[in-house]
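Structure, as structure tokens:
Read the figures in this text as sums done on the coordinates, not as results from a lab. What you see is a predicted model, and the numbers here were worked out from it, not measured in a lab. Backbone-built Cβ (ideal geometry, glycine too); neighbour counts: all protein chains shown.
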Amino acid sequence: MRSIAFVIFARTLAFTGVIACAVPLGTAFAAEPKPDFSIKTKWVEASVFLDAKIKSDPLLAANCLAEGKAWAAKNRADADKERKQDPDLFRNAWSYERKYQTRSVVDGRYVSIVRADYEYTGGAHPNSSSDTILWDRSARKRISIRPFFIETADNGPTLKAMRQGVIASLKAEKKKRGAEGADAGAIEGIEPKLLKIGPVSLAPSTEEGKSSGLTFHYAPYAVGSYAEGGYLAFVPWETLKPYLTPEGIKIFGGARPEGDDDDG
């Protein structure tokens, strides 16, 4: 009579063989990316990730990583303070994650980055937010979109045109998601001010080295319910053509690539 140990061994070997046959040759299981910086204590876990394109530019990578480290340290300090005041809030460790992801590289000079934050502090659901960064490789620093437009005054013609384009894009996307008319007040509340209209990035283009327009990134809750998720509003460059400077005319062109709206 075969021993129980032998039977278990045989069954394990057979099961392993089934798995091996089910996975095509050459297939590798994708490993989770390692953070470029992390803090891990009993009460707080904070991680910062940079994508490969950002890491290929040492100055840009250093800039983003310095910001990410400061963000992680602040969250740790805030959590420690909260824990001392109310230990019951920390049944599990609070989690924070920040990702820097390249949105586009225009004219070999302007790098648009989306900075996505995630946090879970024991509430009903995680919270997420996003912001954008525009890096000028020539100037070796962060800039705004102001150099691309003749004027960007609050409530001026450029920002009014941007706002109109944003609202039209958001309403179209709401209709597509079956959320037409929901939270209309939040959309109408978008202000024609550069620092209020929303995080903006240079959209990629079908024409190499160009941008097809501006995209505005709205996290959950910004212009809709949490269940709707985030929104990406697109304003084509043709809409903004009357307001462009020579540098703006130089960098914009082409059309939005297919599938670029698969965001949020």
- prompt: At 222 nm, what helix-only mean residue ellipticity would the chain give, in deg cm²/dmol to the nearest 500, using -39500 (n - 2.57) for each DSSP H run of four or more?
  reply: -10000 deg cm²/dmol
- prompt: For 34, 55, what's the fewest-to-most ordering of other Cβ within 10 Å of each Cβ?
  reply: 34, 55
query: Among the lysines, which fall within straight-line cross-link reach of residue 160, defined as a Cα-Cα distance under 29 Å, with same-chain neighbours fewer than 8 residues apart omitted?
result: 141, 171, 174, 175, 176, 193, 196, 210, 241, 250
message: Using Stokes-Einstein with the Kirkwood hydrodynamic radius over Cα pairs, what translational diffusion coefficient do you get for the stretch 33-111 at 10 °C and a viscosity of 1.306 mPa s, in µm²/s rounded to a whole number?
response: 114 µm²/s
query: Top mean-square fluctuation among 78, 51, 36, Gaussian network model of the chain, C-alpha springs under 10 Å?
result: 78
- line: About its Cα centre, the chain carries a charge dipole, from +1 on Lys and Arg Cβ atoms and -1 on Asp and Glu Cβ atoms, whose size in debye to the nearest 20 is 620 debye
query: What is the pair-distance distribution P(r) of the stretch 102-191, computed from all Cα-Cα distances in 10 Å bins starting at 0, with each bin given as a whole percent?
result: 13, 27, 40, 18, 2
task: Mark the label point 7 Å from the Cα of residue 137 along Cα→Cβ and return the residues of the stretch 193-234 whose backbone N is within less than 15 Å of it.
output: 208-211
statement: Rounded to the nearest Å, the spacing of the alpha-carbon centers of the stretch 84-99 and the stretch 52-70 is 26 Å
- prompt: Among 222, 66, 116, which one moves the most in a GNM of the chain with springs linking Cα atoms closer than 10 Å?
  reply: 66
Ranking of 223, 105 by count of other Cβ atoms within 10 Å, fewest first: 105, 223
- request: Mind telling me which of 100, 218, 120 comes out most flexible in a GNM of the chain, alpha-carbon contacts under 10 Å?
  value: 120
field: Amide proton proximity set for residue 43, modelled H, under 5 Å, gap of 5+
entry: none
task: Could you list the GluC sites (Glu not before Pro) in the stretch 46-155 that lie in coil according to DSSP, counting only those with at most 11 other Cβ atoms within 10 Å of their Cβ?
output: 151
message: What whole-number distance in Å separates the alpha-carbon centres of the stretch 132-155 and the stretch 157-222?
response: 18 Å
- prompt: If you plug each phi of the stretch 130-146 into the Karplus form 6.51 cos²θ - 1.76 cosθ + 1.60 with θ = phi - 60°, what whole-Hz ³J(HN,Hα) values come out, in order, with x for Gly and Pro?
  reply: 8, 9, 10, 10, 10, 9, 9, 5, 6, 7, 6, 7, 7, 9, 9, 8, 3
task: Tabulate in residue order the Karplus-calculated ³J(HN,Hα) for the stretch 192-198, using 6.51 cos²θ - 1.76 cosθ + 1.60 with θ = phi - 60°, rounded to whole Hz; enter x for Gly and Pro.
output: x, 9, 4, 8, 10, 6, x
statement: Links exceeding 19 Å between C-alpha atoms in this model, out of 42/74; 42/99; 69/99, come to 42/99
- request: Using θ = phi - 60° and the Karplus relation 6.51 cos²θ - 1.76 cosθ + 1.60, list the HN-Hα couplings for the stretch 96-108 in order, rounded to whole Hz, with x at every Gly or Pro.
  value: 9, 9, 10, 10, 9, 10, 6, 8, 6, 10, 10, 6, x
- prompt: Out of 237, 248, 105, whose Cα points farthest toward the positive end of the dipole of the chain (charges: +1 Lys, Arg; -1 Asp, Glu; placed on Cβ)?
  reply: 105
